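Remarks on the structure that follows.
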Amino acid sequence: MAGGSSINVLEQFELHPVLGSLGEALRLSQSPIYMVVAVCLVLAFLYLGMKPAAVVPGRLQAAAEVCYEFIHTMAVDTIGAEGAAFFPFVFTLFFFILAGNYIGLLPFSFTFTSHIAVTFALALMVFVLSVVVSLKSQGLRFFAHFMPDGASPFLAPLLIPIEILSFLSRPVSLSIRLFANMVAGHVMFDIFASFVVMLAGFGVVGDVFAIGPIAINVALMALELLVGVLQAYVFAILTCIYLREAVAH
Amino acid sequence: MMTKTVRAGLLMSACGVSLLAATAPGAYATGMPQLDFANPLVTGQVMWGAVIFLVFYLVLSRAMLPRVSRVLEDRAHRISGDLEVARAAKHDADRAVAELQQARKDAMAEAQANLQAALDEERQAAEKQMHDINARLDMEIADAEARVAAEKARALGALREIAHDTTQALVQRLTGLAPDAQLVAQKVEGASARRAV
């Protein structure tokens, strides 16, 4: 992290090739490694949780079932009857982001959701999926949604560009929301942690005052645990809302 | 159908994401490593991420989530089955209670009928006995009356004879003549007939 008295809060977001020149050729950095770890953790959690397959679940199984039912309820309640078909996708999306956010909170780890390339790719995937589903279920009537019902035809030249713009800005807002939240949280961590290191250079007085930034970082950790799950939830629920609009006739 | 749509959409998204990764502009020279699109590692994570996400999606949708849903369905099935069994047991118990009550009612009715029959029989027997006794008493009364009447008739017959003899004796004593038996008998008959009337 920060070396000496200089603070470089962005260093933590740098990508480094793994496996030497092979990784460089495959464009393999630590980020995909953490994605694999996140995915494996989620799968292991579900596998071990559901391994007893007991009628009366234990703690881990109950946790796995709660995760399943939480996303299932969200998908079916928001999207409607067709929600069951999109449930695995929403589940994948939610836990991919949640695991990425939470793994990033571990010391010395990397947060792949703090990269706009990753979050924008996820948002674009949701956007393309919703457009494809819209065209599939509504056909060309999909384009009628860009003219709000009941609006005066004279306003059409104004309203249609606005509607199109707001539709196209969905993946941007979706991706930047997650990216900015993650970056901000980790920058704050880094700043306050650097304060501790800097205060350590002032001897005993510094040691005493260093308690402040440490306390703030503890509080920040609680906040980031909340933000991590909240952002994953927001991403998933907005995906559900877009898909509901797509399947609505 | 929807699952197919999802899969097609995902495939298209993966293609789109790969395209984006291939054509991402590399002109950003800022402090943020995330915006350094000239760095092949930044766009590389999109490629790798697409593959990892797809694998994650496939493993979840094909293996993990069906496992969870199977357990949940099994549980719901089992609970509803147990409830069904309990409901059936309750139904059986209710029927057994109803049968018991019916049997009790039947037994009570039968006992009542037996009691009634026994009482009726007893009453009939008593009536018959009473009737017999009455008949016998009536017969004895009739016998006694007949005997009384016979005795009376005999006594009356004897009275006529006495009257006849007495009349003959009186007339003989008064007149000194033996009266005509025929006339005495006629007169006694006439007097007794007048008295009887």
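Just a few scattered comments:
- The C-beta contact set for the range A:211-223 (first residue more than 14 Å from A:Ser194 (Cα to Cα), second residue among the aliphatic types (A, V, I, L, M) and modelled with pLDDT under 95, distance under 8 angstrom, 6+ apart or interchain) comprises A:Leu220/A:Met188; A:Met221/A:Leu105.
- Test result for B:Gln116, polar (S, T, N, Q) and open to solvent by 100 Å² or more (accessible area, probe 1.4 Å): no
- Scanning the range A:102-121 for residues being more than 7 Å from chain B (Cβ to nearest Cβ), open to solvent by 10 Å² or more (accessible area, probe 1.4 Å) and in a helix (DSSP H, G or I) gives a total of 3.
- Identity of the residue in the range B:44-56, more than 7 Å from every other protein chain (Cβ to nearest Cβ) and among the β-branched types (Val, Ile, Thr), that ends up surrounded by the fewest Cβ atoms within 10 Å (Cβ to Cβ): B:Val55
- Among the residues of the range A:62-71, those that are facing chain B (nearest Cβ under 8 Å) and surrounded by fewer than 21 Cβ atoms within 10 Å (Cβ to Cβ) comprise A:Glu65, A:Glu69.
- Meets criteria (free of Cβ contacts under 8 Å to residues at least 24 places away in the same chain and under 29 Å from A:Ala123 (Cβ atoms)) for A:Leu159: yes
- For the range A:122-160, the set of residues classified as open to solvent by 70 Å² or more (accessible area, probe 1.4 Å) and either within 14 Å of chain B (Cβ to nearest Cβ) or of a type in the set (S, T, N, Q) (or both) consists of A:Leu135, A:Lys136, listed by residue number.
- Any pair with Cβ under 6 angstrom, 6 or more apart, that starts in the range B:21-41 at a residue that is under 18 Å from A:Phe112 (Cα atoms) and open to solvent by 60 Å² or more (accessible area, probe 1.4 Å) and ends at one that is hydroxyl-bearing (Ser, Thr, Tyr) and modelled with pLDDT under 50: none
- The residues listed here are A:Ala75, A:Ala99; of these, the one that is more than 9 Å from chain B (Cβ to nearest Cβ), within 30 Å of B:Thr43 (Cβ to Cβ) and buried (at least 21 other Cβ atoms within 10 Å of the Cβ) is A:Ala99.
- Scanning the range A:161-214 for residues that are open to solvent by 80 Å² or more (accessible area, probe 1.4 Å) and of a type in the set (Asp, Glu) yields a single hit, A:Asp207.
- Test: B:Val59 is in a helix (DSSP H, G or I), open to solvent by 60 Å² or more (accessible area, probe 1.4 Å) and either in contact (Cβ under 8 Å) with a residue 12 or more places away in the chain or within 26 Å of A:Phe96 (Cβ to Cβ) (or both): no
The values are calculated or read from the model by the stated rules, or taken from the named source; none is laboratory data. The model shown is predicted, which means the values in this text are computed figures rather than measured ones. Every residue, glycine as well, gets a Cβ built from its backbone with ideal geometry; the counts of neighbours run over all protein chains shown. Just so you know, the surface numbers come from the protein's heavy atoms only, side chains and all, with ligands and any DNA or RNA stripped out. Shrake-Rupley method; radii C 1.70, N 1.55, O 1.52, S 1.80 Å.
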